[in-house]
Amino acid sequence: MHVPALVAADIGDLDSAYRYFLKTAEIDLKAKYKTYVGTIFMGGTHPAANGGAWMTAVLGFAGVHADAKRVMIDPRLPSKWRSLELGLEYKGDRFRLRVERNSVAIRPDSTNRGAHVFLVAGSKFTVPAGEAVTVPLGDGGTIATGNRTSETASSESQA
């Protein structure tokens, strides 16, 4: 069920995405699909479903994607969640991300070697090694007015 959850999150149908996410995440938590013959357990775990739940949370709800140039974060939290926190490794450097309804916090590890570019809700931010960056979000996960870096403003004016 993680593919329908990812698609639903991608198109903004967060209620459906959350329903599909729960089906995937709870498959081993609820004994609905466990099979016993007498006292012998005949079922198994569902590691692919567990991976699908992780993918839905990270790629769908947190909206984290990366390419060779940057990490992109386009958050879409379900209405029942206040926040989502996760670890990220990118180009050998480590980060903690905390996605909330009104902000995205990016905390680089103190051992990171350099600055990295993050695109948060469509706006570019440079995260220096060892310096946390919090990006305020407005309604609907957009960047709050007046909180973009000067680099973002100058790159947009050149476009």
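The values are calculated or read from the model by the stated rules, or taken from the named source; none is laboratory data. Predicted, not measured: the structure shown is a model, and the values here were computed from it. For neighbour counting, all protein chains shown are included, and Cβ atoms are generated from backbone atoms with ideal geometry for every residue, glycine included.
Restrict the check to the range 99-107 and report whether at least one residue is under 11 Å from the mean Cα position of the chain (by Cα), under 16 Å from Thr126 (Cα atoms) and not in a loop (DSSP other than H, G, I, E, B). Explain how you work it out, then say what you get.
The first filter runs over the range 99-107 and keeps only residues under 11 Å from the mean Cα position of the chain (by Cα), leaving 99-100, 104.
Applying the additional criterion that residues be under 16 Å from Thr126 (Cα atoms) yields 104.
Retained after the next criterion (residues that are not in a loop (DSSP other than H, G, I, E, B)): 104.
Yes, because at least one residue in the range 99-107 is under 11 Å from the mean Cα position of the chain (by Cα), under 16 Å from Thr126 (Cα atoms) and not in a loop (DSSP other than H, G, I, E, B).
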(request) Go through the residues of the range 37-46 one by one and say whether even a single one is of a type in the set (Gly, Ala, Ser) and touching a Phe, Trp or Tyr at 6+ places or on another chain (Cβ under 7 Å). (result) yes
(request) Examine the range 31-39 for a residue that is out of contact with any helix residue (DSSP H, G or I) (no Cβ under 9 Å at 6 or more places or on another chain), without any contact (Cβ under 8 Å) to a residue 24 or more places away in the chain, part of a loop (DSSP other than H, G, I, E, B) and under 30 Å from Glu131 (Cβ atoms), and state whether such a residue exists. (result) no
(message) Whether any residue in the range 45-62 is closer than 18 Å to Glu100 by Cα and part of a strand (DSSP E or B) is what I want to check.
(response) no
(request) Test each condition in (1) β-branched (Val, Ile, Thr); (2) in contact with a Ser or Thr (Cβ under 7 Å, 6 or more places away or on another chain); (3) modelled with pLDDT of 95 or more; (4) closer than 23 Å to Ala25 by Cα for Thr134 and report the one that comes out false. (result) (4)
